[in-house]
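The values are calculated or read from the model by the stated rules, or taken from the named source; none is laboratory data. Bear in mind that the values here come from a model prediction, so they are computed numbers and not experimental data. Quick reminder, even Gly has a Cβ in these numbers, built from the backbone with ideal geometry, and neighbours come from all protein chains shown. Note: accessible area is taken over every heavy atom of the protein model, side chains too, but ligands, DNA and RNA are not part of it. Shrake-Rupley method; radii C 1.70, N 1.55, O 1.52, S 1.80 Å.
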Amino acid sequence: MKLLEYEGRELFEKYGIPVKKGRVAETPEEAGKIFEEINKPVVIKAQVPVGGRGKAGGIKLANTREETIQKARDILNLKIKGIPVKKVLVAEAADIDRELYISLTLDRSRNKVLIMAIKEGGVEVEEIAKQRPESIYTDYYDPLRGIAPYQIRNLATWMFEEKEFQKKLFNLIHNMEKLFKECQASLVEINPLAISGNELIAVDSKVILDDNAYYKYKDIIGEKDLSYEDKKELAAKEAGLSYVKLDGFIGCCVNGAGLAMATMDIIKKYGGEPANFLDIGGSSSPEKVKKAMEILLSDKNVKVVFFNIFGGITRCDDVAKGMVEAFKEIKCNLPVVVRLTGTNENEAKEILKELPNLIPVSSMAEGAQKAVELVK
Ligand code: GDP
Ligand code: MN
């Protein structure tokens, strides 16, 4: 789950990471009101879940209420990398003397958290990593042990000569670590971290949290703007399904995460591409199957649907009932390949006689081959 900048900076405030005063607005008038509250020059920033907003005209400074309203209106009319801007952050503008970069990232291959710092900010870290990797400070820590104080001191003395700033950075990293841990983050990035007079200020925020740990941090983050999240993935989550959209053409409906992965693999083996990962889970009710079909069919890429069900706790007849119900309500002009084996398989076959257009197969490999053929 990727937070928008304003959501990330709300977290920063909670964790004592310094930010300038500011608030989010959905209309130019509201932006004007925030200017009045702040009553100092402000920065107006498009709230979209992508970077490079500055270059796209999504970040503007304003000195008066009228100017704020005008510029907020311009930004709210923008599309950045194809994404319409629905909100702007209006915050007190920072006087920036110098920009820095700092981040904590989960490095799964090492089971550690990677600390990265650069003595420049507003930069694309990927670009710097390619061009001048030696200018990036890196260190790792074990998330269970936490960062050792000497690690933060080493970083702080690398970054600054001034004791005052070293101390400020020490506190900042400490707070970032706390946020990272308590909110189950995979990324907390401040780019740029601004030096402004004798202050360090987080001028931007990029925070990614683990979807699966939502229950742990939902009270901390409060209300999340979900309007940029994938609608199908949200609907799936609500219905108790695990769904991940992919780029292929074969819509898969499977029970169990392991079988779902195996199904994707076998489709690839026969030269096809899965359109999704979809696990309807154990003890599937007809409602779940119906919901799954709705989600699959709302993906315009899907050209063939492949049901691959191994009946255990999930009963094949339940899935079959769900399919009959689903096809009563949903118009499906696509070929549907079905492999159902296991618990109550014979009952399921009886039920599916109501749907003569289905293409039954007897094994997973046969089903995958059939589906790949049909796409072609
Ligand atoms: P991004 O381009 O989407 O990553 O947006 P950022 O929030 O990082 O802003 C991009 C650049 O705009 C920064 O590197 C700064 O140079 C500038 N900027 C953003 N906020 C302020 C501000 O409050 N004051 C000043 N002077 N510049 C800002
Ligand atoms: Mn940035």
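Considering only Val319, Tyr214, Val113, and ranking their Cα positions along the charge dipole of the chain that arises from unit charges at the beta-carbon of Lys, Arg, Asp and Glu, the one farthest toward the positive end is Val319. Who wins for biggest fluctuation among Gln70, Gln131, Gln151 in a Gaussian network model of the chain, springs between alpha carbons below 10 Å? Sorting by GNM fluctuation, first place goes to Gln131.
For the cross-link pairs Lys303/Lys349; Lys20/Lys168; Lys119/Lys206, the ones whose C-alpha atoms lie over 20 Å apart are Lys303/Lys349. Here r is the Cβ-Cβ distance between Ile83 and Asp299 and R0 is 22 Å; the resulting FRET efficiency, rounded to 0.05, is 0.65. Couplings 3J(HN,Hα) of segment 290-295, computed from phi: 4, 4, 4, 4, 4, 5 Hz, in residue order, whole Hz [Karplus 6.51 cos²θ - 1.76 cosθ + 1.60, θ = phi - 60°; x for Gly and Pro]. About its Cα centre, segment 231-375 has a charge dipole of approximately 280 debye under the convention of +1 per Lys or Arg Cβ and -1 per Asp or Glu Cβ, with nothing else charged. In loop segments of segment 201-294 as defined by DSSP, there are no trypsin sites (Lys or Arg not before Pro) with at most 10 further C-beta atoms inside 10 Å of their C-beta.
Stretched out fully, how many nm does the piece from Lys231 to Leu61 gain, at 0.36 nm a residue minus the Cα gap?
Extra length available between Lys231 and Leu61 comes to 57.9 nm.
Between His174 and Arg153, the modelled label-to-label distance comes to 1.3 nm, taking each label 7 Å out from Cα in the direction of the beta carbon. Using 23 Å as the Cα-Cα cut-off, could you pick out the over-long pairs in Lys231/Lys321; Lys55/Lys163; Lys71/Lys218; Lys288/Lys331; Lys55/Lys87? Beyond 23 Å: Lys231/Lys321; Lys55/Lys163; Lys71/Lys218. Surface analysis of segment 98-221 yields an accessible area of 52 Å² per residue, using protein heavy atoms and a 1.4 Å probe.
Between Tyr215 and Asp265, what is 0.36 nm times their sequence separation minus the Cα-Cα distance? Round to one decimal in nm.
Here the answer is 14.9 nm.
A simple rule links phi to the HN-Hα coupling: the Karplus curve 6.51 cos²θ - 1.76 cosθ + 1.60 with θ = phi - 60°, which for segment 119-133 gives 7, 9, x, x, 9, 8, 4, 5, 5, 4, 4, 6, 7, 9, x Hz, with x for Gly and Pro. Using a probe radius of 1.4 angstrom, the carbon and sulfur fraction of the accessible surface of the chain is 50%.
Calculated [222 nm] ellipticity per residue, helices only, for the chain: -12000 deg cm²/dmol; basis is -39500 (n - 2.57) per DSSP H run with n ≥ 4, divided by all residues, nearest 500.
According to the square roots a ≥ b ≥ c of the eigenvalues of the Cα gyration tensor, what is the shape class of segment 231-375, taking rounded for a/c under 1.5, prolate for a/b larger than b/c otherwise, and oblate for the remainder? Judged from the Cα gyration tensor, segment 231-375 comes out rounded (a/c under 1.5). With respect to the chain, whose longest principal axis is taken over its alpha-carbon atoms, helix 149-159 is tilted by about 60°. With R₀ fixed at 25 Å, the C-beta to C-beta distance from Lys163 to Glu127 puts the FRET efficiency at about 0.20. Across the options Gly22, Val372, Ile34, the greatest Cα extent toward the positive end of the charge dipole of the chain (unit charges at beta carbon of Lys, Arg, Asp, Glu) belongs to Val372.
Mind checking the per residue accessible area of segment 334-376 for me, 1.4 Å probe, whole number of Å²?
The answer is 57 Å² per residue.
For the chain, the spread of Cα positions along the three principal axes, ordered from largest to smallest, is 77, 49, 38 Å.
Once the convex hull of all Cα atoms in segment 21-92 is built, its volume per residue stands at 67 Å³. Could you state the angle between the C-alpha long axis of helix 257-269 and the longest principal axis of the C-alpha atoms of the chain, as a value from 0 to 90 degrees rounded to the nearest 10? That works out to roughly 80 degrees. The Kirkwood hydrodynamic radius of segment 53-136, based on inverse pair distances between different Cα atoms, is 15.8 Å.
Per residue, segment 21-92 exposes an accessible area of 50 Å² to a 1.4 Å probe, with every protein chain left in place. Between Arg145 and Asn39, the simple spin-label model (points 7 angstrom out along Cα→Cβ) gives 5.2 nm.
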